[in-house]
Amino acid sequence: MNSLVLLGPTATGKTKLAIELAKNLNGEIISADSMQVYRGMDIGTAKPTLEELQGISHHLIDIRNPDEGWTVSDFIEQTNYLTKEIGNRKKAPIVVGGTGLYLWALLEGFSFPITPADKELRARLENEPTSTLYGRLSTIDPKAADKIHPNDKKRIIRALEVYELTGKPISELQKRRDNNTPHLSVGYEDAHLIGLNLPREGLYERINQRVDSMIEKGLIEEVKGLLAKGYSKNLFSFQALGYKEVVEYLDGKWTKEEMIMKLKKRTRNFARRQMTWFRRFNNVKWFEVTVDSQKILDYILINHDQVERTGN
């Protein structure tokens with residue numbers, strides 16, 4: 001069975017649609033979200049609840065502790081394994097997520113470009129001491145740190161910027177790019193790509209509502225609980241949207257209201273970066289989620305079935 005990939009920026013309802021697809025296609029969902037892999041980081045990553053999953057198997061969620069590593073290479077390895085296993089069970093693999101780097105590596109191979117500059121992120125890193133930044137780089141990418149002088153703040157920030165935006169050490173990205181050898185994932189050469197999006201104002205409204213909902217559900221308490229367990233606020237997992245802002249609030253950098261506004265703004269910026277990734281993909285059938293969800297579901301089911309019958 002041809003693989004199905006459902007992509008789109010945050011807050012567009014990918015998980016809900018994926019569950020309906022899995023129910024109709026006898027499928028299992030593989031998460032392409034770089035942060036939902038972490039245990040205990042539930043609210044800030046918008047992780048689906050057991051009730052929302054409706055009994056559908058959902059893979060690559062809650063498989064790492066916040067202080068454990070998880071990279072795009074891990075994602076590809078696990079997705080290839082899971083795709084085979086799901087197929088062996090005569091079920092349909094449905095990859096769902098918004099981490100563009102992961103999906104690009106899955107569909108196009110590892111010959112992806114290193115991410116462009118992010119002015120807001122760089123400005124934030126500029127405010128931190130060089131020694132702190134270098135210490136962080138030494139932890140997440142020791143190979144890059146060995147090649148950069150501890151006082152070369154510009155290069156240190158660039159390496160941290162790449163890691164924060166992609167979840168991948170710059171040293172490995174440079175190696176992959178230099179090799180320029182695609183490593184396509186078996187089973188995804190002819191994947192059926194479906195994209196969900198909204199006009200900007202509607203998307204931003206949804207993002208703002210989601211942030212408010214996360215705060216109401218206890219995001220601040222979730223972060224406090226993780227810190228109380230001994231997890232360091234300097235971990236890469238704590239650089240995720242929601243967690244970093246709450247840590248800054250707890251450190252006294254923002255008032256609660258300022259933190260919420262900052263989180264909404266950064267999430268909107270994140271959604272724009274996601275779409276920059278997605279525009280690189282070919283053959284994506286895009287839907288605005290304001291369309292009747294049943295019509296979207298019907299289109300996918302009919303066309304995916306035609307692809308299966310024709311082998312195209």
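The values are calculated or read from the model by the stated rules, or taken from the named source; none is laboratory data. These numbers were taken from a predicted model, which means no experiment stands behind them. Using ideal geometry, Cβ is built from the backbone for each residue, glycine included, and neighbour counts are taken over all protein chains shown.
Taking L50, is it touching a residue at least 40 places away in the same chain (Cβ under 8 Å) and over 30 Å from R136 (Cβ atoms)? When the stated conditions are applied, L50 does not pass them.
Consider L301 carefully, then state whether it is modelled with pLDDT of 90 or more and surrounded by 12 or more Cβ atoms within 10 Å (Cβ to Cβ).
Considered against the rule, which asks whether it is modelled with pLDDT of 90 or more and surrounded by 12 or more Cβ atoms within 10 Å (Cβ to Cβ), L301 comes out as no.
Considering the conditions (1) assigned to a helix (DSSP H, G or I); (2) within 18 Å of R280 (Cα to Cα), V96 is excluded by exactly one of them, (1).
Criterion first (in contact (Cβ under 8 Å) with a residue 12 or more places away in the chain, on the phi < 0 side of the Ramachandran plot, touching a Ser or Thr at 6+ places or on another chain (Cβ under 8 Å) and of a type outside the set (S, T, N, Q)) does F270 satisfy it?
yes
Evaluation of W254 against the conditions (1) closer than 28 Å to E68 by Cα; (2) at pLDDT 90 or above shows that the sole unmet condition is (1).
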